[in-house]
Structure formats: structure tokens, C-alpha cells
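*Asks:* This is the structure I have questions about; it appears just below.
Computed from the coordinates by the stated procedures, all read-outs in this text should not be read as laboratory data. Predicted model, so just to flag it, every value in this text is computed and none were measured. Counting neighbours? That spans all protein chains shown, and the Cβs are built from the backbone with ideal geometry, glycine included.
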Amino acid sequence: MIGLRYVYAVCRPFSTPLQAQLSGVAGDPPRLLTHHGLVAVVSHVPEADFAEEPLHAHLEDLDWLTGVARAHQGVIDALTTVTTPLPLRLGTVFRDDSGVRTMIEAREESFRDTLDRLEGRVEWGVKVFLEDAPKQEAATPAARPASGRDYLRQRRSQTKSQDELWQRAELFATQLHEALSRVAEDSRLHAPQNAALSGASGRNVLNAAYLVPRAGSEEFVEKVDQTKGELPGIRVELTGPWAAYSFAGDSAPESASGDERPNARERP
């Protein structure tokens, strides 16, 4: 395929081949472009979709963007099984191989420093949710109020109960984060997820990422699993292992020139 160069990640050379049937963005298998002892993982993508104007238009199309994000993430996941990748932003595109090499040269020192720091490490995500009240109260429905005063009393009681649950959830999340941070090399606290966007049930109390050596991942997972079901009404979710998105810094170039068009900063 002749087209622009879509760049997924930068990494050090590795010997284990990627899976044979791996398909990248726009269906083109990823290939390795080596320059100055670093490897850019790239695919060819059609200019009709990924040149600056059509790409900006596509960013308003959630279905299209979701497909690109899934293909992008599939390549990053495959890389994570064989090496330590430094993911670039979703939608990082260059005119040709020369543009990719120029990018590597411009950020070579930063890439090497970050790869050194992340070598042999992965990211685990941990979220804590306070379950929705109806799920907790369905087994014991409140009695019908006999008067307006009874109704107000019930409402105050429910509000107090929810406030107490929220305080317990916050305390639980704080203690869990402190415990996990002690066994991780680094951690990041992200903004709580918006339930309307994520589709997850309940209120997100903790949304955190942890940088963990591969060799220490089993211990980390066990520590998280021990907390599940510890408190009624509180749900703990663990995801990973991922490439270390939260600890890679702003990997993609900051500004677009004629040859590079970084877009869509969201993690896939």
C-alpha cells in the first residue's frame, strides 16, 4: 500500500517476531523502521483518510475513531508481549519514512531516556466504584411514608446513608492507593471516569495507574484481588498489563509540520 506513515510506537530493536496475522490501522500490517538504533513501528495508511483535512473530519466520527483506536491498541498490545514500547499519540502520521526518521532524530535523547526508565515494566490500571444505590437497597425497600414529615425523614436518612457510603468509599480508595503505591515503582492518579462516557455502573472513586516491573506483576495482582469484595457496595476493577501510557510523558511531537500530523491525544 502506498500512503502516509502511521506511527504506533518507538522501541528498541527486538528479535521476537510479531504475530503473523497482526493487522494495523486501515488493515495494513505494521512494519519496523530502524533508525539510529531505535525502531519506529509503522503502517501505511491512505491519504484520503489520514491527511490533515480528512483526519480532522474523521475525528468527529466516533465509530471511525473507535475502529482506529482498537487497531492502534491491538498493535501496542502485541508489542507489549515482545518488548517495551513507547506509545505515540493516536493519529500520529508522517508523509513518508524520511519524516519518521527526522522525528526519531529530533527526539532521540528523550526516547532513549524514557525507554531506559520503562524497560521491563508495565502499567496496571485500578478503579474503585461505589455501586449505585438502587442495587444496594433493592433487597430492603423502604416502607411507604405515612406523612410528608415521614417522607422528609426518610430522604434525610437516605442522604445521610449515601454520604456515609461515599466517605467509606473514599477512605477505602485512599488506603488502597497508598498500599499499591508502596509495591509499585510509580503511580498516577487520573480524573474519575464519566459514567455517561465510560458506560461503567456506579460512581468512580479511584482511577489510578501503577508502573510495575513485569517480575512483580503477580504480587501486584494478588494484592488487588485481596481487596475485592472487602466492603459491600464497593467494586474494584483491575486492567492490564498495558504499555506504560501514563508514564511515557507526551511521546508524540508537539506541533505539526508538513510531514507530521499528531492528533487525538486520548489514550486508545
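*Asks:* With a cut-off of 8 Å between alpha carbons and a minimum separation of six or more residues, what is the relative contact order of the stretch 165-218 in percent? Write out the running numbers ahead of the final one.
*Replies:* Values: 46 pairs, mean separation 21.0, N = 54.
Reported as a whole number, the value is 39 percent.
*Asks:* If the chain between Glu52 and Thr239 were fully stretched, how many nm would it gain, using 0.36 nm times the residue separation less the Cα-Cα distance?
*Replies:* 64.0 nm
*Asks:* Sorted by packing (mean other beta-carbon atoms within 10 Å per residue), highest first, where do 92-104, 178-190, 13-25 land? Don't jump to the answer; show the numbers that get you there.
*Replies:* Details: 92-104: 19.5, 178-190: 14.9, 13-25: 12.5.
My ranking of the peptides, most packed first, is 92-104, 178-190, 13-25.
*Asks:* At 7 Å along the Cα-to-beta-carbon direction for both Leu189 and Gln226, put a label point, then send me their distance in nm to one decimal.
*Replies:* 2.3
*Asks:* How much FRET efficiency would the formula 1/(1 + (r/R0)^6) give for Asp132 and Val82, where r is the Cβ-Cβ distance and R0 is 51 Å, rounded to 0.05?
*Replies:* Values: r = 41 Å, r/R0 = 0.80.
With a Förster radius of 51 Å, E is 0.80.
*Asks:* Further, regarding this structure: Label-point separation (nm) for Ser98 and Arg70, each offset 7 Å from Cα along Cα-to-Cβ?
*Replies:* 3.7
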